[in-house]
1. Within 12 Å, Cβ to Cβ, of A:LYS126, how many net charges do the neighbouring residues add up to if Lys/Arg are +1 and Asp/Glu are -1?
2. Considering the dipole of chain A built from charges on the beta carbon (Lys and Arg +1, Asp and Glu -1) around the Cα centre, which of A:TRP22, A:CYS69, A:LEU80 is farthest to its positive end?
3. Pop out the ³J(HN,Hα) list for segment B:61-76 in order, Karplus 6.51 cos²θ - 1.76 cosθ + 1.60 with θ = phi - 60°, rounded to Hz; leave Gly and Pro as x.
4. So how strong a dipole does segment A:30-182 carry about its Cα centre when Lys and Arg Cβ are +1 and Asp and Glu Cβ are -1, to the nearest 20 debye?
5. Once you put a point 7 Å from the Cα of B:ASP78 and another 7 Å from the Cα of B:VAL120, both along the Cβ direction, what distance in nm separates them?
6. Do the alpha carbons of any pairs in A:LYS3/B:LYS110; A:LYS88/B:LYS94; A:LYS35/A:LYS104; A:LYS58/A:LYS114; A:LYS88/A:LYS151; A:LYS144/B:LYS110 sit beyond 29 Å of each other, and which pairs?
7. State, as an integer percentage, the relative contact order of segment A:6-114 based on alpha-carbon contacts under 8 Å between residues 6 or more apart.
8. Hey, can you rank A:105-112, B:151-158 by average C-beta count inside 10 Å, highest first?
Amino acid sequence: MKKVLLPLAVIPLLVLLAYGFWTDPTAVPSPLIEKSAPPFALTLFDGDSFRLAELRGKVVVVNFWASWCFPACYEEAPVLEGAWREYKDRDVVVVGVNVQDTEKAAREFMDRFKFTFPNGPDPGGKISIDYGVYGVPETFVLDKEGRIAYKHVGAARGDVLMGQIEGLLHRVPPAVEKKGDHERGA
Amino acid sequence: MSVARRQGGIERRSKTGPLRAVAASVVLMVLSMVAVLPLAASSLEEQTHQIATELRCPVCQGLSVADSPSGMANQMRDLIRERLQAGESPDAIKAYFVERYGEWILLAPKREGFNLLVWVFPFLGLGGGAVALALVLRRWRRHPEAAPASVDPAYLERVRHEMAQDQS
């Protein structure tokens, strides 16, 4: 009996260990999903000002990046610029929040990838902390009602980003229950 | 201390010895844990530091916001200080970070629900260990060590002989 029980007792420990090794400690689900996006304002690198609150009714892609974030930010930069060019006339806004960077390095990065979408620094990191960012790059997709619909950790991928944007553009507003407009079986 | 008294002491202790010793060590352990609990912070810097020690630095591996030299932790400390200055309570500030990052941001999980297991298990383990130790000690006392095994007299004689040779 003892000979069987001792190895058996080890099994729960092994299961626990296996679980621990298989889960990604950095993949922390954001508590902000489906919540209304924290409002923020940016002073853009081109001198304009940007206010998230003015973009109700649009799908907004908020990207947190830094010039020192290599290679992920460099991989996703063309994807973001591409999404902006593709969708800017269809009620979609892409905005870049530059975190923990120097202005010179950030400008060089933007020149390198020929950014045309609004970008601005986040002095003090207040916006990133407000969005629960724990590393760059991170990308949030906001629906037309200003809720965070999707969060992407790591380099944004074209197919995923486009899929999210398309989905939110075509999403029918939550159906209001109507009475009397469906046929009952004859 | 005289030899006689020391022996007496051992004699007396051995009656209730193991149980009492285990209990005493448990009490000591609990006391030492209580001793390191943080004292109430007073100044702004101390309060900031106190909150920062309870938050996990998001860009580090197992470091608190207080211990990390990273830019992100720096910004978080600034934010904590600012919010304290604005009159927010430490609990409200921690709640803000939990709201943004999830409970993951707390280095110690909240003492509620399933999390309580984390707080209870060490003590259960300690208690279980103490009981097991006491049981084993009791069994050992009831069944004192068996008499030394008999040795072949010829072998014993040979060992004695060789030892005597060694000494000479």
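Read-outs: derived from the displayed coordinates by stated rules, not from any lab. The structure displayed is predicted, hence computed values, not measured ones. Ideal geometry is used to build each Cβ from the backbone, glycine not excepted, and the neighbour counts take in all protein chains shown.
1. Within the 12 Å Cβ shell, the charges total -2.
2. Farthest along the dipole direction, towards plus: A:TRP22.
3. Result, ordered by residue: 10, x, 10, 7, 4, 6, 8, 8, x, 5, x, 5, 5, 4, 5, 5 Hz.
4. Values: 19 positive and 23 negative charges, 64 e Å.
The dipole of segment A:30-182 has a size of about 300 debye.
5. The answer from the label model is 4.4 nm.
6. Working: A:LYS3/B:LYS110 39 Å; A:LYS88/B:LYS94 38 Å; A:LYS35/A:LYS104 35 Å; A:LYS58/A:LYS114 24 Å; A:LYS88/A:LYS151 20 Å; A:LYS144/B:LYS110 35 Å.
Those over the limit are A:LYS3/B:LYS110; A:LYS88/B:LYS94; A:LYS35/A:LYS104; A:LYS144/B:LYS110.
7. In percent, rounded to a whole number, it is 23.
8. My ranking of the peptides, most packed first, is A:105-112, B:151-158.
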